[in-house]
Amino acid sequence: MQKVSKFLPVSVPGADEETIEEVVNVLKSGWLATGPLTRRFEEDLSKYFEGRTAMCFTSATVGLQAALSAIGIKAGDEVITTSFTFAATANVIAASGARPVFVDTDENTFNIDPNGIAAACTSKTKAIMPVHYAGLPVDLDPIYEIAKQKNLRVIEDAAHAFGAVYKNRKIGTFGDIQVFSFHPIKNMTSGEGGCVVSDSEAEQKTMSLLRFHGIDRSIWDRFSKNGNSSYDVVYPGLKSNMSDIQSAIGIHQLQKVEAFNEERRRLAARYRRAFAELEEDLFLQGIPDYDFVHSGHLFPVCLRDASGRDDFLDYLKENSVGAVPYYTPLHLFTYYRETFGYKKGDFPKAEYIGARVACLPLYCGLKDEEQDYVIHIVGQFFDKRRR
Ligand SMILES: Cc1ncc(COP(=O)(O)O)c(C=O)c1O
């Protein structure tokens, strides 16, 4: 098969003409900061999440941080999460002064193993933060059951899960708090950005103060024609409000996200069919026995022989295919070892998957013939290795 003419990265954000036009209109409008478009984006998101409140931030990371503050997480508390995730998940817990308490990974779903959560709870545990890894919904029912029994809050790190469905309910339409990412690699983007979906008005008020200098009135309410320019500072808030430029992108992406996800799932199914032939070399994220719809955010493959993983990544790159080892379990990183005393061997299943995983290109706009090329290169790597 002929080499592709361009590098195929893990993800490429889509930008259609309508979005480009809307961004140009914002630039011409004289109002770039948080304003009417961000208000509209939040309303559209709220409709998508069946009436729950959606608040936009400049990233999911600051959204997670605001959510932790809003539920009162502080130094000395413990928050249960997974080690097999991106740094942001546990960094925000550590930054709040709390201890991230990791629970090992389910080797089938690559998500946190709900069966390990109860044993990890102590008198200091205040919250559980599961991650819907790659877009496969975590088994939420047992997690919410433990939270109910032990009076804990749940913040779902739903950075990968926009549009995913758990037991016929869209992630974000039920439960406690969900945080989504609109980073350009994600299923829908606003350039950078994220949103927090929640129900408590008191907690939303705290998040809104955290998001904008602790000021009790929005910038649009103060600067617009009929606005009132006076304000009070009631909290030492920082700044993580989404701009109208970002919201202009987000509004259009939201209208298309279901179609984007369909396409991602179609491509993921093509990978699955092709890799059924490589069962001796690879294993894939499993299919849980509960009802779900995957968001199709990432397509992770795991090499049965961990010793070949780095060569695999290099081989793909040499052949113009981007693949990323998402993720190295967090407990293996210096900060988590030195600060919390975690060490190799603590979470063997997370380590097993982390040492073998590579995520392949998956995005709308990846052409079938390009994906066939990725599949070909993956197969060629194992053929050469066997020789
Ligand atoms: C699991 C997970 N949580 C949180 C984040 C943070 O998202 P953001 O880049 O929007 O801050 C990411 C980003 O990749 C992620 O993968």
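The values are calculated or read from the model by the stated rules, or taken from the named source; none is laboratory data. The structure presented is a predicted model; accordingly, all values stated were derived computationally and were not measured. Counting neighbours? That spans all protein chains shown, and the Cβs are built from the backbone with ideal geometry, glycine included. In case anyone asks, the SASA skips ligands and DNA or RNA and just uses the protein heavy atoms, side chains included. Shrake-Rupley method; radii C 1.70, N 1.55, O 1.52, S 1.80 Å.
Quick rundown of the values:
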{"quantity": "Residue pairs meeting the criteria (Cβ under 7 Å; at least 6 apart or on separate chains; first free of Cβ contacts under 8 Å to residues at least 24 places away in the same chain, in the stretch 109-130; second assigned to a loop (DSSP other than H, G, I, E, B) and crowded, with 17+ Cβ neighbours inside 10 Å)", "calculated": "116/104"}
{"quantity": "Residue list for the stretch 151-183, filter: open to solvent by less than 10 Å² (accessible area, probe 1.4 Å), of a type in the set (Phe, Trp, Tyr) and more than 9 Å from the ligand (Cβ to nearest atom)", "calculated": "162, 166"}
{"quantity": "Residues of the stretch 91-119 satisfying the condition of being in contact with a Phe, Trp or Tyr (Cβ under 9 Å, 6 or more places away or on another chain) and either surrounded by fewer than 17 Cβ atoms within 10 Å (Cβ to Cβ) or outside the structural domain of residue 74 (by TED's automatic domain parsing) (or both)", "calculated": "107"}
{"quantity": "Boolean, residue 186 is within 16 Å of the ligand (Cβ to nearest atom), among the charged types (D, E, K, R) and either assigned by TED's automatic domain parsing to the domain that holds residue 77 or in contact (Cβ under 8 Å) with a residue 60 or more places away in the chain (or both)", "calculated": "yes"}
{"quantity": "Filter result for residue 231 (more than 29 Å from the chain's Cα centre (by Cα) and open to solvent by 30 Å² or more (accessible area, probe 1.4 Å))", "calculated": "yes"}
{"quantity": "All positions within the stretch 119-134 that are more than 10 Å from the ligand (Cβ to nearest atom) and under 24 Å from the mean Cα position of the chain (by Cα)", "calculated": "120, 125, 126, 127, 128, 130"}
{"quantity": "Matching strands (runs of 3 or more DSSP E) fully within the stretch 19-105 where at least 3 residues are over 30 Å from residue 116 (Cα atoms) and within 16 Å of the ligand (Cβ to nearest atom)", "calculated": "53-57"}
{"quantity": "All positions within the stretch 356-377 that are among the small types (Gly, Ala, Ser) and open to solvent by less than 40 Å² (accessible area, probe 1.4 Å)", "calculated": "358"}
{"quantity": "Criterion (in contact (Cβ under 8 Å) with a residue 60 or more places away in the chain, open to solvent by 40 Å² or more (accessible area, probe 1.4 Å) and farther than 21 Å from residue 162 by Cβ) met by exactly one of 263, 277, 258", "calculated": "277"}
{"quantity": "Residue in the stretch 87-98 that is hydrophobic (A, V, I, L, M, F, W, C), in contact (Cβ under 8 Å) with a residue 40 or more places away in the chain and touching a Gly at 6+ places or on another chain (Cβ under 7 Å) present", "calculated": "no"}
{"quantity": "Hey, residue 295 closer than 23 Å to residue 184 by Cβ and not in a helix (DSSP H, G or I) or not", "calculated": "yes"}
